Amino acid sequence: MKTKSLFGYMPKFVFVSGVMFFSSSLLNAWTIQVLDPASTYSAVTNCYNGPDYTTFRSYLTATGSSLTLGSLASYTIGDADAVIVNVVGSSSHYSSAELSVLSSLLNSNTRVLVFGENNSWNSSNGELASLLGGVNGNREGANTQTVSNLYPLITEGVNSLTFTASGVISPGQSSGVSLSSDNSLTLWGNNSNFLLLMDINLLDNPRINQADNNKLAGNIANWLSGVDITPIPEPSSYALVMGMAGLGALAIRRRRK
């Protein structure tokens, strides 16, 4: 596991035969790509550089993750370790290319946070519901919703959330899990990797400290950043470690002579 400090995730140090090694957490940088649909709602609510998302971005970067910006339509699975999809414009549609990427993400191991919105986004919400096998409520969800602990990586310590004119997409009979009482926060995918949040305002600066919104924001940041995943060193990392081990053994041998 990565080691957390006040400055984010710092490398562990492992001593073997008198040699100090950097753990693989230093050698595996985690990248989160923020994807823009062709039609985006507002520069203010853009997770990558929007002024309303400075707090949430600070949670993401505090884990040691780096943020990049890309296009939803041209994203390829594997381009990043995790993905955030910005909300489309009101009354806009996803393009066929964008829906294809969302489908690929749904069926992948990549953790993804997708923003939906209220019934003014009925067109794009309906497309998301159809893709996921859920039901578009075409209404606003309750402003206060209780949270179940069905998926602790995301909901641990979160009892209730305060929404602002959220949308509603309900799980179908054989797909999706509802994490909030009025289906404004749901989890999808065979690998439980597709998180749908039907309110872009819940994580913004003015509302992040309402109810348990702040705790949810931190949990999502950790989940997207793979804090629960032990990184696997690349072959070049093994070579570095073995080389350092050899130098350490040589130094010890010389001291004993």
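A compact table of results
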read-out	value
Gyration tensor (alpha-carbon) shape descriptor, segment 51-102, a/c threshold 1.5	oblate
Cα-projected label distance for Thr55 with Ser42, points at 7 Å along beta-carbon direction, nm	1.6 nm
Total formal charge among the other residues, if their Cβ is under 13 angstrom from that of Ser71, Lys/Arg +1 and Asp/Glu -1	-3
Within-15-Å neighbourhood charge of Asp36 [Cβ basis; K, R +1; D, E -1]	-2
Segment 69-147 shape via C-alpha gyration tensor axes, a/c threshold 1.5	prolate
For segment 28-176, size of Cβ-based charge dipole, Lys and Arg +1, Asp and Glu -1, in debye	120 debye
Segment 27-165: C-alpha gyration tensor shape, a/c 1.5 cut-off, then a/b vs b/c	rounded
Local electrostatic count at Leu203 - Lys and Arg +1, Asp and Glu -1, tallied over other residues with Cβ under 15 Å	-2
Other-chain or far-sequence residues with amide H under 5 Å of Thr40's (modelled H)	Gly89
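Just so you know, all these numbers are worked out from the coordinates, no wet-lab data involved. Because the structure is predicted, anything quoted here is derived from the model rather than measured. Every residue, glycine as well, gets a Cβ built from its backbone with ideal geometry; the counts of neighbours run over all protein chains shown.
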